[in-house]
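Have a look at the structure below before the remarks.
Read the figures in this text as sums done on the coordinates, not as results from a lab. Source: prediction; values computed, not measured. Cβ sites come from the backbone with ideal geometry, for glycine too, and all protein chains shown count toward neighbours.
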Amino acid sequence: MRLRLDKPWQPLTAETARRLPGQLGVYQVADARGTVLYIGQAGARSPFGLRSELQREYEERGDGCQFRVEVNQQYRSRWFELLMVHQADHGSLPADNAKNPPPNLGRLSPS
Amino acid sequence: MDFEPSAEQQMLIDQVRRYVREEILPLEAKLDPDASELPPEDFKRLTEKTKAMGLFGIDIPKEFGGPDIDIVTRVLLAIEMAQHRAGLYVPCYGTFGGAGLAQIFEANEDQKERYLYPTLRGEKKAFFGLTEPSGGSDPARAIQTRAERKDNGWVLNGAKIFISNADRAQYGIVFARTDASKGRAGITCFIIDSDTPGFHVRRVVHTLRSSHYATELEFKDCWVSDHQVLGEVNKGFAVANDRLTRQRIPYAAGCIGVAIAAHEMAIEWAKMRSTFGEKLSHRQAVQWMLVDNEIDIRTAKHFTLEAAEKARRGLPFRIEASIAKLTASEGGGRVVDRAMQIHGGMGMTKDLPLERWYREMRIRRVGEGPSEVQRMVIAREILGSNLR
């Protein structure tokens with residue numbers, strides 16, 4: 001598994017979100033320039049996994065954003081990993097994660 | 001040996017059982033099924049409760065301010081604390097506090113001031129750095145991380161893997177080879193501050209236990225002074241060995257707690273669920289699975305309490321600890337597996353805690369010394385000088 005999510009971005013629309021699988025996993029939402037705004041997880045409490053989460057993101061953010069997903073059963077540890085890698089790469093969490101950071105987030109220095 | 005709890009032990013058991021049922025289970029029902037932490041406000045509220053119960057810092061020795069709990073009582077309480085979804089690895093979400101690493105109690109006064117006391121006050125967290133990519137079951141031979149003498153200190157180079165909490169800790173205990181010619185007697189234990197130049201947490205290691213992760217560490221020309229040596233040079237492995245042996249007893253108790261919870265769920269379900277016009281509990285195939293569960297649980301509990309009682313009396317308990325760890329981790333896995341089978345499709349879902357216990361219980365056959373190593377320890381006793 002690659003450390004960073006590096007799949008191509010897809011436009012976040014009602015249609016692209018609707019086509020997503022109902023599986024567990026992690027995702028990133030970015031603005032039109034590709035700046036990551038939020039790293040999220042679709043856990044077992046999401047009614048339709050990634051689909052539910054990205055539909056909610058679209059409803060809250062509207063047009064103009066992009067996203068990418070990774071289906072992953074280890075959605076929690078992968079989510080922590082992506083947050084720590086982002087922090088190591090950029091010196092801070094994505095803007096929308098920084099508003100409500102997870103307690104006790106660790107630190108990585110990936111090579 | 002009489003393993004019936006005393007009146008005082010029973011009172012504590014009842015108190016912890018109530019705490020799990022009234023405080024932990026309702027909160028847990030709202031969390032993600034793979035969560036391993038409570039929201040900070042709930043954690044704070046519940047630690048105040050455990051302090052009021054007189055049980056906070058349950059693993060801290062009395063002389064360092066912990067409650068006066070002997071290891072047998074500790075086992076009985078550990079069995080209760082584990083009886084919820086996250087209970088195998090995070091009993092009661094850590095609201096009974098932690099003691100930090102056992103070795104740090106053996107530190108010198110200066111080290112105790114810098115590391116032990118801040119840890120007991122909850123100001124510092126630690127990690128335990130023993131296992132390496134070259135192997136974990138035989139660390140005395142597998143350790144390749146080197147520490148070489150330089151400028152009144154030591155320079156560490158090497159890697160560690162499967163290390164929990166290294167990304168969050170302020171310091172860790174790290175084992176490195178200081179004399180390549182001495183094998184087991186060439187390992188030294190160091191205390192490494194996480195901000196030491198040359199110390200890196202390189203990556204997250206994902207495992208079956210998706211609620212939590214381990215990390216991989218790298219030491220690259222990481223210099224530490226002589227003041228960071230824990231114990232004596234070339235005698236570090238004895239420190240780790242002692243810890244690994246002692247930890248097997250409460251480790252086994254956690255497996256028993258989860259097995260009991262899974263078994264109780266299976267009994268309840270078997271009494272309620274009907275197939276082809278008959279309750280599951282009326283079917284011999286299901287009855288026998290429940291009987292086997294009962295036997296696995298009682299066996300593990302007996303051996304674990306026996307190990308704890310010997311440790312409490314100051315008698316040798318190495319073999320007993322191995323038997324306890326072996327029977328509880330293997331028996332616990334079988335119990336959870338049978339409970340899932342009895343639940344059918346529901347047992348596979350994240351709606352119930354069984355699937356998390358199934359994944360996490362599998363790790364228990366490897367963690368804290370795999371089953372094969374425990375059998376090796378027991379075999380040495382059977383075939384060695386103490387032949388009975």
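Quick one: pull the percentage of alpha-carbon pairs in region B:143-299 with a separation above 24 Å.
Working: 6575 of 12246 pairs.
Every Cα pair in region B:143-299 considered, those over 24 Å come to 54 percent.
Each of B:G87, B:Q341, B:A238 was placed along the dipole of chain B (beta-carbon charges, centred on the mean Cα), and the one lying farthest toward the positive end is B:Q341. For B:N108, neighbours were defined as the other residues whose beta-carbon sits under 12 Å from its Cβ, and their charges (Lys and Arg +1, Asp and Glu -1) total -4.
Defining a contact as two alpha carbons under 8 Å apart and six or more residues distant in sequence, what relative contact order in percent does chain B show?
Numbers: 668 pairs, mean separation 58.6, N = 388.
The value is 15 percent.
Of the residues B:V373, B:V20, A:L108, the one whose Cα sits farthest towards the positive end of the charge dipole of the protein assembly as shown is B:V373 (charges of +1 on Lys and Arg Cβ, -1 on Asp and Glu Cβ, taken about the Cα centre). Among the chymotrypsin sites (Phe, Trp or Tyr not before Pro) found in region B:176-280, those both in a DSSP coil and sparsely packed, with 15 or fewer other Cβ atoms within 10 Å of their Cβ, are B:F276. Find, to one decimal place in angstroms, the Kirkwood hydrodynamic radius of region B:284-357, where the mean of 1/r is taken over every pair of different Cα atoms and then inverted. Taking every pair of different Cα atoms in region B:284-357, averaging 1/r and inverting gives 13.5 Å.
A Cβ-based charge dipole, computed about the Cα centre of the protein assembly as shown with Lys and Arg at +1 and Asp and Glu at -1, lands at about 900 debye.
Averaging the sequence gap over all C-alpha pairs within less than 8 Å and six or more residues apart, then dividing by the number of residues, gives chain A a relative contact order of 30 percent. Computed over Cα pairs, the Kirkwood radius of chain B leads via Stokes-Einstein (1.306 mPa s, 10 °C) to a diffusion coefficient of 72 µm² per second. Legend: residue pairs B:K51/B:K350; B:K182/B:K235; B:K150/B:K235; A:K99/B:K49, Cα-Cα distance threshold 21 Å; pairs beyond threshold, B:K51/B:K350; A:K99/B:K49. Applied to region B:257-266, the Karplus parametrisation 6.51 cos²θ - 1.76 cosθ + 1.60 on θ = phi - 60° returns per-residue 3J(HN,Hα) values of x, 5, 4, 4, 4, 5, 5, 5, 4, 5 Hz, with x for Gly and Pro.
In the protein assembly as shown, the convex hull through the Cα atoms has an average projected area of 27.0 nm², a quarter of its surface area. Taking one quarter of the surface of the convex hull spanned by the alpha-carbon atoms of region B:143-222 gives a direction-averaged projected area of 5.7 nm².
Sequence-ordered 3J(HN,Hα) estimates for region B:50-59 from the Karplus curve with 6.51, -1.76 and 1.60 and θ = phi - 60° stand at 5, 5, 5, 6, x, 10, 6, x, 4, 9 Hz, glycine and proline given as x. Look at where the Cα atoms of region B:265-296 and of region B:311-384 average out, and the two centres are 23 Å apart. Scalar couplings 3J(HN,Hα) for region A:33-43, obtained by applying the Karplus form with A = 6.51, B = -1.76, C = 1.60 to θ = phi - 60°, are 8, x, 6, 5, 9, 7, 10, x, 10, 10, x Hz; x denotes Gly and Pro. Restricting region A:34-82 to chymotrypsin sites (Phe, Trp or Tyr not before Pro) that sit in a DSSP loop and have at most 10 other Cβ atoms within 10 Å of their own Cβ leaves nothing.
Debye sum, Cα scatterers, region B:1-79, no solvent: what log₁₀ I/I(0) at q = 0.12, 0.15, 0.17 1/Å? Debye curve over Cα of region B:1-79, log10 I(q)/I(0) at q = 0.12, 0.15, 0.17 Å⁻¹: -0.41, -0.63, -0.78. Relative to the dominant Cα principal axis of chain B, helix B:318-343 is inclined by about 40°.
Given only helices, namely DSSP H runs of n ≥ 4 each adding -39500 (n - 2.57), what is the per-residue ellipticity at 222 nm of chain A, to the nearest 500 deg cm²/dmol?
Working: 4 runs with 38 residues, N = 111.
Theoretical 222 nm ellipticity from helices: -10000 deg cm²/dmol.
Find me the longest stretch of chain A that has none of the exposed trypsin sites (Lys or Arg not before Pro), where exposed means in a DSSP loop (not H, G, I, E or B) with at most 16 other Cβ atoms within 10 Å. Numbers along the way, then the final one.
On the way: sites that count: A:R2, A:R4, A:R19, A:R33, A:R45, A:K99, A:R107.
After excluding every exposed loop site, the longest remaining stretch is A:46-98.
Per residue, how much space in cubic angstrom lies within the convex hull of the C-alpha atoms of chain A?
Numbers: hull volume 11.6 nm³, N = 111.
In chain A, the Cα convex hull volume per residue is 105 Å³.
What's the angle, to the nearest 10 degrees (0 to 90), between helix B:284-313's Cα axis and the longest principal axis of chain B? Tilt relative to chain B: about 40 degrees. When the alpha carbon gyration tensor of region B:238-383 is reduced to an equivalent ellipsoid, the three semi-axes, largest first, read 33, 15, 12 Å. Charge dipole (Cα centre; +1 on Lys/Arg Cβ, -1 on Asp/Glu Cβ; no other charges) of region B:126-230 amounts to roughly 300 debye. Charged side chains reduced to their Cβ positions (Lys and Arg at +1, Asp and Glu at -1) give region B:238-383 a dipole of some 260 debye around its Cα centre.
The angle separating the long axis of helix B:71-81 from the principal Cα axis of greatest extent in chain B is about 60 degrees.
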